[in-house]
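**Student:** Following this message is one structure expressed as structure tokens.
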Amino acid sequence: SADEAEYALRIGDDSLILAQQLGWWISRAPELEEDLALGNIALDLLGHARNLLHFAGTALGKTEDELAYFRDEHEFRSAWLFEQPNGDFGHTIARGLLTSAFQFELYTQLAESSSPGLAGIAAKSVKEVAYHRDHAVQWTLRLAGGTDESRSRIERALINTWPYLDELFRDDELHERFDAAPRPSALREPVMNVLRQVLAEAELDEPKTSESSGDGRHGHHSTYLGPILAEMQVLARRHPDASW
Amino acid sequence: SADEAEYALRIGDDSLILAQQLGWWISRAPELEEDLALGNIALDLLGHARNLLHFAGTALGKTEDELAYFRDEHEFRSAWLFEQPNGDFGHTIARGLLTSAFQFELYTQLAESSSPGLAGIAAKSVKEVAYHRDHAVQWTLRLAGGTDESRSRIERALINTWPYLDELFRDDELHERFDAAPRPSALREPVMNVLRQVLAEAELDEPKTSESSGDGRHGHHSTYLGPILAEMQVLARRHPDASW
Amino acid sequence: MSTTVTSPDDELQADFDALIEAEQRIEPRDWMPEAYRKTLIRQISQHAHSEIIGMQPEANWITRAPSLKRKAILMAKVQDEAGHGLYLYSAAQTLGIARDTMTEQLIEGRARYSSIFNYPTPTWADMGAIGWLVDGAAICNQVPLCRASYGPYGRAMVRICKEESFHQRQGFEILLELANGTPEQKQMAQDAVNRWYWPSLQMFGPPDDESPNSAQSMAWKIKRFSNDELRQRFVGMLVPQFEALGLECPDKDLRWNEETEQWDMGEIDWDEFFDVLKGHGHCNAQRLQHRRQAHEDGAWVREAAAEYARKQSAQLKAVA
Amino acid sequence: MSTTVTSPDDELQADFDALIEAEQRIEPRDWMPEAYRKTLIRQISQHAHSEIIGMQPEANWITRAPSLKRKAILMAKVQDEAGHGLYLYSAAQTLGIARDTMTEQLIEGRARYSSIFNYPTPTWADMGAIGWLVDGAAICNQVPLCRASYGPYGRAMVRICKEESFHQRQGFEILLELANGTPEQKQMAQDAVNRWYWPSLQMFGPPDDESPNSAQSMAWKIKRFSNDELRQRFVGMLVPQFEALGLECPDKDLRWNEETEQWDMGEIDWDEFFDVLKGHGHCNAQRLQHRRQAHEDGAWVREAAAEYARKQSAQLKAVA
């Protein structure tokens, strides 16, 4: 259905944009093991995105590539958190902690969906997201418990990303109509509980920041998305009739 | 003539690509005075680029915007030095030192050109480039004579940019035919003399690096140019028939 | 018979009041009441911060400007804003606050700046809408400030207003070009105007009956007109310009009231205004993060410059 | 009558020679001649560096890959190269050199890596040409290395070769798609093949008569075939594939010689080869700069991880 497709686009775009950004790290990570780890996460997310865009595309009569390469900025449905820049490694880890905690809870619940298509994708993805979350948690602990510099960097990174959590938990008209997906508001508590546990273990305070009212689900995006799409789409758009 | 146009494209693209990159600093400089200074330099370079592209365009039957926005990567003529990324402030300064030392000598000689068009543009530009060079020299001295960190950063930045000097001084078939511009090889000595003086005053060693054989003058560019153009051209290309 | 005892402070206050009354300028060396000084520091630094934060929504399009001419104009504009910030920080410094202190207050989120800059700029047309509406509203607010009783502030505003009116015209031109362009361009322009219209009206602040600080500022001749008066003036200016652009005004209820000789406007969503003010805008977090990042990334450069200056002056002394 | 005095070293040497002769593997705990050890360290670390530097020309296109499928394949490929680098650094470590030492040698420009990675990748078609030609040449070089006399090296090569042949097929597929695509795509493919063909032939090293170290490596059964033999084999493999792609071979002089039963090739520009080797390639500076930058930017992360591990183990000890 159209609602199912719209929902798949939302969570598919999240993963697509994050994969696009994580891909940058490959050849630039602090150690080779992290080139591999961040590359793995990027690949997983790209895989999830392709499944979700393919699924949405069957309802919309479009291919995954048409959706990825030929939509304009306002047609994307990603949330602002996923559009936040890589920054330094600490920033990438903080962003990864928040996105993976969210996606883990989301896919866990979505795996029980009455939509077999969404449930299937979620069930497959959740195992990989568990690894992403573990990766982010381990590094959060290491950076928080490492040197003074690493601690202040991860603190700053959490302050910078925390405002974008709220958007992930906002219900809207889609959720009034479409009940085959968990309500965003129902994810808030479990996700925040996990995050608070990690912060407690890392002996970090929960950032006291005001939430951003960013609204990517309706096509109103952060300033970061435009340049991300410019680079991602440049070649495909230069040869609109080509196949690759 | 076609040769005049080709020559104007080369030095115009240098300035265009550097202006495009320096524009990024506005709102991100280490202090407000540098937002202003780097912005000024970017504006000057953009002005030079527009004059040169306009001049080339009259021979080629194209507007400055057609040349800037609708050429593909291999049609650009910029040298690799101008395509090198901003990096940190030290890297921007090192790149600026090299580019401005080159452009100052180039425009000084070009102001005597038998081509009135090129001579006129060069005569106007050289005053501004003198300021750019002064800015870069002052900051090179400050960074080299500042803290240990700033000294090692400017050293590293010079090592990273030095390999791209050689390309600026290479004669090719164009210069066999076209004698209204100084031969690149004739610029080597005066430019290197200035640079060596600056290094001596800053008590820095001349980097011992092998020159890159990068060859932007014939459309063979560094890996940096592709993404720069993707961002610069994205909007204009999305609306090919629009005027702005 | 009773004697009137005048304390020195009372005399200073009387002199100050007389200067204000006579439309004379207060200068840095003059005595001034603490509340006046504090109000000015707050207002001028807030204004300076707004210029600095206000660079970001437009800087976002420098790299993607669709023509070289527009790129040059936009670069120059954003750069002007850095310049305005500098004038205003200087004016505030004459009141005894250090620039570093103001910078700290900003990046630590303890200082205000104009909420308008917490809205995003998703399209090129936003460059037009910001110039036309945001700079337009700023000018309405600022022209009277050129006569502000505090000298350095008034003089800074004179320079700033001259440049702002230039910026407003450039914004209008961007929109005019789009409105007369392709259908997509026209739509882009209308969408941007729809997004920026109401926030620009909010730039004049809450309605007069909910603006407690205004009266004192007017008595001190810092402020010359009430929020609602300025808003009226702004809307009156926009109406013919909407017509010239061929764009629709997003306020469907706007009409001229023959009786009151005022514009009756549709209702402004003040909840949204206060929400953004409290930090819940689209971009509050991003704006501060961007500024903080630039400040932190530049720390080593500022330290190097300071250390170099120290060494140079030590060397000069040694030679002397 | 004279007695043959055998020193302990001679005995060890004899055992070593016998193992080599019998096609047995030398393992890390086995005695080996210093020259053998040094040759291996040089070769393996050079190979590891090549994998790591070799990530860059392809990583350059990850963000711009023109379909999601190709993006996924490319990401996986570049990631595989990091994995290969890790295997090989591990193999080299068994010979008594630390990974940090090798990293230092690389970023300080004191270590070699394959010159092929100093060429730029201006178009998407380079992703095809690298896979097909560069990985193809690498496989020809590396398949015999799976039987290299040093155990850890041979075993690493087995894993690597399996993945490389996968990469080569993917490169071929990219070119096939382009060669059958739009005229611009086909031109892009031909241009890329033109750029990479000769450098890929140079990957086998100088002609046999100018390759002084080869004989010893062959005696030690590290190397199994001469440079020219491998080059022959590679070209023989390419010829039918050029046909399948419908692309032209850039070597216009290439023909099968019935008499020698060999491919007669056009002249290889060895001056260019040695020029790039000496550091004058398009991208030598950039490749090292990229690696150095990643290493330096990551220093605080590695320090944090080390410090955290130190604290954790101190805590464990305190508990025990």
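The values are calculated or read from the model by the stated rules, or taken from the named source; none is laboratory data. It should be emphasised that the depicted structure is a prediction, and the values quoted were computed from it without experimental measurement. Ideal geometry is used to build each Cβ from the backbone, glycine not excepted, and the neighbour counts take in all protein chains shown. Areas reflect the complete protein model, heavy atoms only, side chains present, ligands, DNA and RNA absent. Shrake-Rupley method; radii C 1.70, N 1.55, O 1.52, S 1.80 Å.
**Student:** Can you pull out the residues in the stretch A:65-80 that are closer than 25 Å to B:Arg237 by Cα and either open to solvent by 30 Å² or more (accessible area, probe 1.4 Å) or in a loop (DSSP other than H, G, I, E, B) (or both)?
**Tutor:** A:Asp65, A:Glu66, A:Phe70, A:Arg71, A:Asp72, A:Glu73, A:His74, A:Glu75, A:Phe76, A:Arg77, A:Ser78
**Student:** Among the residues that make up the stretch B:140-160, is at least one of them closer than 23 Å to B:Asp44 by Cβ, at pLDDT 95 or above and open to solvent by 10 Å² or more (accessible area, probe 1.4 Å)?
**Tutor:** Yes, the conditions are met somewhere in the stretch B:140-160.
**Student:** Can you tell me which of B:Leu38, B:Leu53, B:Leu60 is more than 7 Å from chain C (Cβ to nearest Cβ), surrounded by 22 or more Cβ atoms within 10 Å (Cβ to Cβ), within 19 Å of C:Ser67 (Cα to Cα) and modelled with pLDDT of 95 or more?
**Tutor:** On inspection, the qualifying residue turns out to be B:Leu53.
**Student:** Tally up the residues in the stretch D:270-320 that are among the aliphatic types (A, V, I, L, M), more than 27 Å from the chain's Cα centre (by Cα) and more than 7 Å from every other protein chain (Cβ to nearest Cβ), please.
**Tutor:** 7
**Student:** Residue pairs, Cβ under 6 Å, 6 or more apart or interchain, first in the stretch A:223-244 and free of Cβ contacts under 8 Å to residues at least 12 places away in the same chain, second of a type outside the set (Gly, Ala, Ser) and open to solvent by 60 Å² or more (accessible area, probe 1.4 Å). List them.
**Tutor:** Listed by first residue and then by second, the contacts come to A:Trp244/D:Glu177.
**Student:** Can you report the number of residues in the stretch B:81-127 which are of a type in the set (A, V, I, L, M, F, W, C) and assigned to a loop (DSSP other than H, G, I, E, B)?
**Tutor:** 1
**Student:** Just give me the residues in the stretch B:102-139 being open to solvent by 40 Å² or more (accessible area, probe 1.4 Å), within 16 Å of B:Leu52 (Cβ to Cβ) and in contact with a Leu (Cβ under 8 Å, 6 or more places away or on another chain), in sequence order.
**Tutor:** Listed by number, the list holds a single entry, B:Gln109.
**Student:** Kindly establish whether B:Glu203 is touching a Gly at 6+ places or on another chain (Cβ under 8 Å), within 27 Å of B:Ala2 (Cα to Cα) and not aliphatic (A, V, I, L, M).
**Tutor:** no
**Student:** Here's another thing I want to ask about it. Can you tell me which residue within the stretch D:194-215, out of those that are in contact with a Phe, Trp or Tyr (Cβ under 8 Å, 6 or more places away or on another chain) and among the hydrophobic types (A, V, I, L, M, F, W, C), is nearest to D:Asp228 (Cα to Cα)?
**Tutor:** Ranking the qualifying residues of the stretch D:194-215, first place goes to D:Phe204.
**Student:** May I pose another question? Could you list, in sequence order, all residues of the stretch B:214-244 that are out of contact with any strand residue (DSSP E or B) (no Cβ under 9 Å at 6 or more places or on another chain) and facing chain D (nearest Cβ under 8 Å)? I'd like the intermediate steps shown before the answer.
**Tutor:** Start the filter on the stretch B:214-244 by keeping residues that are out of contact with any strand residue (DSSP E or B) (no Cβ under 9 Å at 6 or more places or on another chain), which leaves B:215-220, B:222-244.
Those that are out of contact with any strand residue (DSSP E or B) (no Cβ under 9 Å at 6 or more places or on another chain) and facing chain D (nearest Cβ under 8 Å): B:Asp215, B:His220, B:Ser222, B:Thr223, B:Gly226, B:Pro227, B:Ala230.
**Student:** If you don't mind, another one. Kindly establish whether C:Asp264 is over 17 Å from C:Glu104 (Cα atoms) and under 22 Å from the mean Cα position of the chain (by Cα).
**Tutor:** Working: over 17 Å from C:Glu104 (Cα atoms): yes; under 22 Å from the mean Cα position of the chain (by Cα): no.
Judged against the criteria, C:Asp264 is not a match.
**Student:** Tell me which residues, restricted to the stretch D:63-98, are closer than 30 Å to B:Ala230 by Cα, more than 7 Å from every other protein chain (Cβ to nearest Cβ) and in a helix (DSSP H, G or I).
**Tutor:** Answer for the stretch D:63-98, where residues must be closer than 30 Å to B:Ala230 by Cα, more than 7 Å from every other protein chain (Cβ to nearest Cβ) and in a helix (DSSP H, G or I): D:Lys69, D:Ile73, D:Leu74, D:Lys77, D:Asp80, D:Glu81.
**Student:** What's the number of the condition D:Thr101 fails, among (1) part of a helix (DSSP H, G or I); (2) out of contact with any strand residue (DSSP E or B) (no Cβ under 7 Å at 6 or more places or on another chain); (3) open to solvent by less than 50 Å² (accessible area, probe 1.4 Å)?
**Tutor:** Going through (1) part of a helix (DSSP H, G or I); (2) out of contact with any strand residue (DSSP E or B) (no Cβ under 7 Å at 6 or more places or on another chain); (3) open to solvent by less than 50 Å² (accessible area, probe 1.4 Å) one by one, D:Thr101 breaks only (3).
**Student:** Any chance the stretch C:38-49 includes a residue that's touching a helix residue (DSSP H, G or I) at 6+ places or on another chain (Cβ under 7 Å), of a type in the set (Ser, Thr, Tyr) and not in a loop (DSSP other than H, G, I, E, B)? Step through it out loud before you land on a result.
**Tutor:** Our first condition is that a residue be touching a helix residue (DSSP H, G or I) at 6+ places or on another chain (Cβ under 7 Å); within the stretch C:38-49, this holds for C:39-41, C:44-45, C:47-49.
Those left that are additionally of a type in the set (Ser, Thr, Tyr): C:39, C:45.
Filter once more, so that each one left must be not in a loop (DSSP other than H, G, I, E, B): C:39, C:45.
For the stretch C:38-49, residues touching a helix residue (DSSP H, G or I) at 6+ places or on another chain (Cβ under 7 Å), of a type in the set (Ser, Thr, Tyr) and not in a loop (DSSP other than H, G, I, E, B): present.
**Student:** I've got another one for you. Could you check the stretch A:122-150 and list, in sequence order, the residues that are touching a residue at least 24 places away in the same chain (Cβ under 8 Å) and among the basic types (Lys, Arg)?
**Tutor:** A:Lys124, A:Arg133 - these are the residues of the stretch A:122-150 that are touching a residue at least 24 places away in the same chain (Cβ under 8 Å) and among the basic types (Lys, Arg).
**Student:** Same structure again: Test B:Ala230 against the criterion of being touching a Phe, Trp or Tyr at 6+ places or on another chain (Cβ under 6 Å), closer than 30 Å to C:Asn60 by Cβ and not in a loop (DSSP other than H, G, I, E, B), and give yes or no.
**Tutor:** no
**Student:** Which residues, taken from the stretch B:233-244, are in a helix (DSSP H, G or I) and either open to solvent by 30 Å² or more (accessible area, probe 1.4 Å) or on the phi > 0 side of the Ramachandran plot (or both)?
**Tutor:** B:Arg237, B:Arg238 - these are the residues of the stretch B:233-244 that are in a helix (DSSP H, G or I) and either open to solvent by 30 Å² or more (accessible area, probe 1.4 Å) or on the phi > 0 side of the Ramachandran plot (or both).
**Student:** Can you tell me which of D:Lys223, D:Lys186 is within 14 Å of chain A (Cβ to nearest Cβ), basic (Lys, Arg) and on the phi < 0 side of the Ramachandran plot?
**Tutor:** None of the others qualify; the one that does is D:Lys186.
**Student:** Could you check the stretch A:200-222 and list, in sequence order, the residues that are over 21 Å from C:Phe273 (Cα atoms) and crowded, with 17+ Cβ neighbours inside 10 Å?
**Tutor:** Of everything in the stretch A:200-222, those that are over 21 Å from C:Phe273 (Cα atoms) and crowded, with 17+ Cβ neighbours inside 10 Å turn out to be A:Ala202, A:Leu204, A:Pro207, A:Arg217.
**Student:** In addition: Can you tell me which residue is surrounded by the most Cβ atoms within 10 Å (Cβ to Cβ) among those in the stretch A:162-188 that are farther than 16 Å from A:Ile11 by Cβ and at the interface with another protein chain (Cβ under 9 Å from one of its Cβ atoms)?
**Tutor:** It comes out as A:Pro163.
**Student:** Can you name the residue in the stretch D:41-62 that is hydrophobic (A, V, I, L, M, F, W, C) and open to solvent by 10 Å² or more (accessible area, probe 1.4 Å) and is also nearest to the other protein chains (Cβ to nearest Cβ) among such residues?
**Tutor:** D:Ala59
**Student:** Checking the condition assigned to a helix (DSSP H, G or I) and under 18 Å from D:Ser90 (Cβ atoms), which residue from D:Cys161, D:Cys140 passes? Outline the logic, then answer.
**Tutor:** Numbers: D:Cys140 fails: under 18 Å from D:Ser90 (Cβ atoms).
D:Cys161 is the lone residue from the list that is assigned to a helix (DSSP H, G or I) and under 18 Å from D:Ser90 (Cβ atoms).
**Student:** Specify the residue that is nearest to the other protein chains (Cβ to nearest Cβ); the eligible residues are those in the stretch B:190-213 that are assigned to a helix (DSSP H, G or I) and over 18 Å from B:Arg95 (Cβ atoms).
**Tutor:** B:Glu201
**Student:** Against the condition charged (D, E, K, R), surrounded by fewer than 16 Cβ atoms within 10 Å (Cβ to Cβ) and farther than 30 Å from C:Ile130 by Cβ, how does C:Glu27 come out, does it pass?
**Tutor:** Taking the combined requirement at face value, the residue satisfies it.
**Student:** Shifting gears a bit: It is to be established whether one or more residues within the stretch D:146-167 are more than 14 Å from chain A (Cβ to nearest Cβ), within 16 Å of D:Phe242 (Cβ to Cβ) and either open to solvent by 10 Å² or more (accessible area, probe 1.4 Å) or touching a Pro at 6+ places or on another chain (Cβ under 7 Å) (or both).
**Tutor:** No, that holds for no residue.
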